[in-house]
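Undergrad: Supplied in structure tokens, the structure appears directly below.
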Amino acid sequence: MEYAVQLKHVTKTFGKVVANKDVSLDVRYGEILSLLGENGSGKTTLMNMLSGIYYPDSGQIFVEGKQVEISAPKDAYALGIGMVHQHFKLVDVFTATENIALGLDKKEKFDQKAVKAKAAAICEKYHFELNLDQKVYEMSVSQKQTLEIVKVLYRGARILILDEPTAVLTPQETEKLFQVIRNMRRDGKSVIIITHKLHEVLEISDRVAILRRGEYIGTVDTKDATESSLTEMMVGEKVELNIDRTEPVNPKKRLSIQNLTVYSREGVKILDDVSFDAFGGEILGIAGVSGNGQKELLEAIAGLQPAAKGSKVRFFGEDQEKPVELLGKSPKQIRDAGIHLAFVPEDRLGMGLVGSMGMIENMMLKSYENGHSFLTDRKTPRELAEQIKEELHVVTPSIQTPVSRLSGGNVQKVLVGREIASSPIVLMTAYAVRGLDINTSYTIYHLLGEQKEKGVAVIYVGEDLDVLLELCDRILVLCGGKVNGIVDGRTTTKEDVGMRMTNLKKGATRQ
């Protein structure tokens with residue numbers, strides 16, 4: 001069979017860090033290849049070399065049997081290689097057609113009508129659902145992703161690389177995307193998917209290539225693989241993939257949110273009359289398509305986001321005779337009121353940690369609120385930093401290295417470890433395992449389960465529905481800023497939650 005791409009002994013280093021070491025793998029035409037590996041295993045770096053963003057230090061790249069030099073993205077496009085990145089590269093105020101036209105060769109005459117006609121033909125051929133006159137800022141995440149794929153196909157790509165394509169899609173949107181990918185495979189194209197979702201790998205791909213710590217481990221036929229066999233290849237040891245979910249014991253109400261409404265600075269209603277209770281001893285999951293108010297919900301509870309008149313967020317403590325209203329209080333005032341609320345925000349370095357500081361100083365930010373002096377007490381934060389580094393396997397040259405120099409996954413470990421160590425009564429996490437490898441993800445799930453068993457009210461905002469269904473006791477579904485059901489995590493289905501996320505199903509809620 002003709003190879004679309006062959007990588008031979010490719011190595012890439014960044015200073016002392018070896019991202020890829022002597023990697024050799026091949027991709028065939030008319031196949032879907034999944035590229036699997038733990039966080040930091042070099043998957044995206046390898047594909048960035050194929051798409052012209054990085055240049056290999058050594059090794060060779062062959063396209064259709066001929067050795068090639070790919071030193072810029074335009075070289076990759078000329079060879080029929082296109083990559084859709086995890087973070088979209090679109091101009092918000094332009095239409096779909098205008099975004100497609102931006103990528104045209106400068107020598108080509110700009111004819112918007114012709115661009116639209118050609119793009120419409122591509123959409124029809126592969127069954128894309130895309131309004132070419134719609135502006136990007138009006139699009140859903142899945143529509144933006146569709147536009148990125150059409151952009152790449154418009155430029156003549158025969159080899160497509162998709163980086164974490166289902167990260168923020170509902171099950172229904174994922175199934176649509178998979179159907180499109182299968183249509184492209186039928187058309188003889190090569191599709192490479194970088195992903196960490198094992199069940200999707202088994203569903204969509206023909207073969208799976210595994211990287212471990214920058215090295216190529218091997219390629220297996222998907223039909224011969226299982227979740228446990230792939231995980232073993234990824235991490236080099238057997239990993240138990242079951243999340244141990246215990247039944248809530250003596251749940252106590254810790255938060256009561258009533259009629260919570262939040263507006264953006266521009267006056268757009270982001271949360272609309274949201275009401276629910278959170279209990280100590282349970283994990284409450286928050287599901288929803290990205291941008292449906294999950295971030296604002298947690299920030300409003302944490303005192304970081306103002307709410308509209310009539311909203312209530314009340315905290316029920318162990319020793320308090322009556323609940324404390326959190327709205328109107330700053331995070332410091334919430335702490336001063338003796339309320340142990342921990343928050344792991346979505347924006348790790350912008351809001352959670354100070355990037356220029358090391359692990360010790362970032363631990364001190366938390367201990368400072370307990371009355372410790374910045375000048376005198378460095379012992380406790382140092383011990384905590386060492387403990388988190390060891391228990392969560394944080395990869396850092398030193399606990400004094402600025403956390404901005406760590407990988408996204410390691411930054412998240414520092415943040416989650418610090419918040420859990422503060423002995424909260426309510427623990428809120430936004431995308432706690434985003435960017436983490438499978439081993440560390442399960443460590444985090446285990447930590448959240450331990451907090452639940454200690455009687456902590458855990459609120460978990462997640463994007464992987466399989467995890468939400470395995471980890472959470474109840475799941476609140478947000479759609480368009482409204483609550484579209486509170487369902488039992490043990491009895492609901494992925495399809496039911498996905499339909500509620502997209503408003504295809506409405507139904508009674510349970511508190």
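The values are calculated or read from the model by the stated rules, or taken from the named source; none is laboratory data. Note that the structure is predicted; figures quoted are calculated from it, not measured. Heads up, the Cβs are rebuilt from the backbone with ideal geometry, glycines too, and the neighbour counts pull from every protein chain shown. These accessible areas exclude ligands, DNA and RNA; they are computed on the full protein's heavy atoms, side chains included. Shrake-Rupley method; radii C 1.70, N 1.55, O 1.52, S 1.80 Å.
Undergrad: In bins 5 Å wide, starting from 0, what share of all Cα pairs of region 150-202 does each bin hold, as a percent?
TA: Reading upward from the zero bin: 5, 18, 28, 29, 14, 5, 0.
Undergrad: Once phi is turned into ³J(HN,Hα) by the Karplus curve 6.51 cos²θ - 1.76 cosθ + 1.60 with θ = phi - 60°, what whole-Hz value does each residue of region 302-312 show in order, with x for glycine and proline?
TA: Ordered by residue, 3J(HN,Hα) equals 7, x, 9, 9, x, 10, 6, 4, x, 6, 9 Hz.
Undergrad: Shifting gears a bit: Starting from the amide H of Lys482, placed 1.01 Å from N in the peptide plane, find each other amide H under 5 Å away whose residue is 5 or more places distant or on another chain.
TA: Asp272
Undergrad: Rounded to the nearest percent, how much of the accessible area of the chain (1.4 Å probe, protein heavy atoms only) is carbon and sulfur? Present the calculation step by step, with values, prior to reporting the outcome.
TA: Values: 11380 of 23300 Å².
After summing per-atom areas, the C and S share lands at 49 percent.
Undergrad: Find how much the distance from Asp75 to Ala308 grows on full extension, using 0.36 nm per residue of separation minus their present alpha carbon separation; answer in nm with one decimal. Write down the numbers at each step before the final one.
TA: Values: separation 233, 0.36 × 233 = 83.88 nm, distance 5.24 nm.
Between Asp75 and Ala308, full extension yields 78.6 nm more.
Undergrad: Also, quick follow-up: Along region 207-217, what does the Karplus equation 6.51 cos²θ - 1.76 cosθ + 1.60 (θ = phi - 60°) give for ³J(HN,Hα), rounded to whole Hz, x for Gly and Pro?
TA: Per-residue couplings from phi come out as 9, 10, 9, 10, 10, 9, 6, x, 10, 7, 8 Hz.
Undergrad: On to the next question. Would you mind giving the three semi-axes, in whole Å and largest first, of the ellipsoid equivalent to region 17-74 according to its Cα gyration tensor? Walk me through the intermediate numbers first.
TA: On the way: eigenvalues 65, 51, 24 Å².
Its equivalent ellipsoid spans semi-axes of 18, 16, 11 Å.
Undergrad: Another one. Would you work out which of Asn48, Asn20, Ile61 lies farthest towards the positive end of the dipole of region 8-72, given +1 charges on the beta-carbon of Lys and Arg and -1 on that of Asp and Glu, about the Cα centre?
TA: Of Asn48, Asn20, Ile61, it is Asn20.
Undergrad: Sequence-distant or interchain residues sharing an amide H contact under 5 Å with Ile193, placed H: which?
TA: Hits under the 5 Å cutoff: Leu33, Ser34, Leu35, Leu162.
Undergrad: Starting from one equal scatterer on each C-alpha and no solvent at all, send me the Debye-based log10 I(q)/I(0) for region 433-490 at q = 0.21 Å⁻¹, two decimals.
TA: Here log10 of I(q) over I(0) equals -0.89.
Undergrad: I need the Debye-formula profile for region 22-142: one equal scatterer per C-alpha, no solvent, reported as log10 I(q)/I(0) at q = 0.10, 0.12, 0.17, 0.20 1/Å, two decimals.
TA: The calculated log intensity ratios at q = 0.10, 0.12, 0.17, 0.20 Å⁻¹ are -0.42, -0.60, -1.10, -1.28.
Undergrad: What percent of all Cα-Cα pairs in region 163-300 falls in each 5 Å bin, counting up from 0?
TA: Reading the bins upward from 0: 2, 7, 12, 13, 13, 12, 12, 11, 9, 7, 2, 0.
Undergrad: Could you work out the relative contact order of region 378-511, using alpha carbon pairs under 8 angstrom and six or more residues apart, expressed as a whole percent? List each step's numbers first, then the result.
TA: Details: 151 pairs, mean separation 20.6, N = 134.
Value for region 378-511: 15 percent.
Undergrad: Nearest 10 degrees, 0 to 90: what angle lies between the long axis of helix 171-186 and the longest principal axis of the chain (Cα atoms)?
TA: 10 degrees
Undergrad: Which loop trypsin sites (Lys or Arg not before Pro) in region 447-480, with loop taken from DSSP, have no more than 16 other Cβ atoms within 10 angstrom of their Cβ? Could the numbers behind the result be given before it?
TA: Numbers: sites: Lys452, Lys454, Arg474; in loops: Lys454.
Listed in order of number, the matching sites are Lys454.
Undergrad: So what J values fall out for region 389-397 if you push phi through Karplus, 6.51 cos²θ - 1.76 cosθ + 1.60 with θ = phi - 60°, rounded to Hz, Gly and Pro as x?
TA: 4, 6, 6, 9, 6, 6, 8, 8, x
Undergrad: When the Debye formula is applied to the Cα atoms of region 203-274, each taken as the same point scatterer, what base-10 log of I(q)/I(0) results at q = 0.16, 0.29 Å⁻¹?
TA: The calculated log intensity ratios at q = 0.16, 0.29 Å⁻¹ are -0.70, -1.22.
Undergrad: Something else: With +1 on the Cβ of every Lys and Arg and -1 on the Cβ of every Asp and Glu, and nothing else charged, how large is the dipole of the chain about its Cα centre, in debye rounded to the nearest 20?
TA: Values: 66 positive and 69 negative charges, 236 e Å.
Taking the Cα centre of the chain as origin, the dipole is about 1140 debye.
Undergrad: Go through 206-215, 266-275 and give me the packing order, highest mean Cβ count within 10 Å leading.
TA: Answer by packing, highest mean first, reads 206-215, 266-275.
Undergrad: Another one. Averaging sequence separations of C-alpha pairs under 8 Å and six or more residues apart, then dividing by the length of region 1-140, give the relative contact order as a whole percent. Mind dumping the intermediate values first?
TA: Values: 182 pairs, mean separation 27.5, N = 140.
So the answer I get is 20 percent.
Undergrad: Follow-up question, since we're still on this one. With the Cα gyration tensor of region 401-511 in hand, convert its eigenvalues to equivalent ellipsoid semi-axes via √(5λ) and list them largest first in whole Å. Intermediate results must be reported in sequence, preceding the final value.
TA: Numbers: eigenvalues 154, 52, 30 Å².
Equivalent ellipsoid semi-axes, largest first: 28, 16, 12 Å.
Undergrad: Among Leu90, Gly80, Thr174, pick out the residue whose Cα is farthest towards the positive end of the charge dipole of region 77-185, where Lys and Arg carry +1 and Asp and Glu carry -1 on C-beta, about the Cα centre.
TA: Farthest along the dipole direction, towards plus: Gly80.
Undergrad: Which entries of Lys8/Lys89; Lys8/Lys223; Lys43/Lys89; Lys312/Lys494 show an alpha-carbon separation above 24 angstrom in the structure shown?
TA: Details: Lys8/Lys89 30 Å; Lys8/Lys223 26 Å; Lys43/Lys89 20 Å; Lys312/Lys494 31 Å.
Correct reply: Lys8/Lys89; Lys8/Lys223; Lys312/Lys494.
Undergrad: Now for a separate question. For Glu227 and Arg490, what is the calculated FRET efficiency with R₀ set at 22 Å and r taken between the beta-carbons, to the nearest 0.05?
TA: Numbers: r = 21 Å, r/R0 = 0.94.
Once rounded, the FRET efficiency stands at 0.60.
Undergrad: Working only with C-alpha atoms, what are the Rg and Dmax values of the chain, expressed in angstrom?
TA: Calculated on Cα positions, Rg and Dmax stand at 24.1, 76 Å.
Undergrad: Report the relative contact order of the chain, percent, no decimals, based on alpha-carbon pairs under 8 angstrom and at least 6 residues apart.
TA: Values: 1052 pairs, mean separation 76.7, N = 511.
That works out to 15 percent.
Undergrad: Which value, to two decimals, describes the C-alpha radius of gyration of region 386-447 once divided by 2.2 N^0.38 Å?
TA: Output field value: 1.06.
Undergrad: Using the Cα atoms as the points, what is the convex hull volume per residue of region 72-216 in Å³? The partial results should precede the final answer.
TA: Values: hull volume 18.1 nm³, N = 145.
Dividing the Cα hull volume of region 72-216 by its residue count gives 125 Å³.
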